Amino acid sequence: MSHRVHTFRSVLVATLAVLLGGLSLTLASPAWAHDELIGASPAVNGNVDALPSEITMTFSGVLIDQPGATQVVVTDAAGSSLTDGDPKLDGTRLMQPVAGTPSGPVTVIWRVVSSDGHPVSGEYTFTVTGSGSSAATAPAVPASPSSSSAAVPARPDEGVPTFVWALLGVIAAGALGGLVAVLMRRARATPED
Ligand SMILES: [Cu+2]
């Protein structure tokens, strides 16, 4: 009797240990992580008086420099492109020359190849406050919405987090199923002492 209870508890503890171990390994392992944007100048959601000559993005890993793999689209509130040349890679940093006198929100869409060889993309905005500038009074009329936004293909958002959670779900379901099966078999085989 007490031996059976002890066995049940051992199964439960072992199952939980496997689940927690898998979870912590998965979350802690750098092999699952793609490089991500950790900083930018102008800052993400920041304000600047005027557009600088270059936008700098800093990533969490050394980006892979493949021809055509690095793409940056910078547009003003009207959707007009502000890029002025090709993006440049320097280790974990990505520099994109820009030009123009925009006012209001500037959108930066980026696509790079992560240090693990996988493409990663995202976008952010910053705002040019345009203080003291007289040329920046153009109303936000969408000129040609489709032309500039199509330069970067539909963002293949990284699927690893989804995959990780799906894997954890499968592991959890399998472990729970096994636990239930063990408990049911033992309940059925309970001797009438
Ligand atoms: Cu990857």
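What nm distance separates the two modelled labels at residue 176 and residue 48, each placed 7 Å from Cα along Cα→Cβ?
5.0 nm
Using 7 Å Cα-to-Cβ label points, what is the residue 186/residue 92 separation (nm, one decimal)?
Once both label points are built, they end up 4.9 nm from each other.
None of the figures in this text is laboratory data; all of them are computed from the coordinates on show. No experiment lies behind these values; they were computed from the predicted model shown. So basically every Cβ, Gly included, is an ideal-geometry build from the backbone, and we count neighbours across all protein chains shown.
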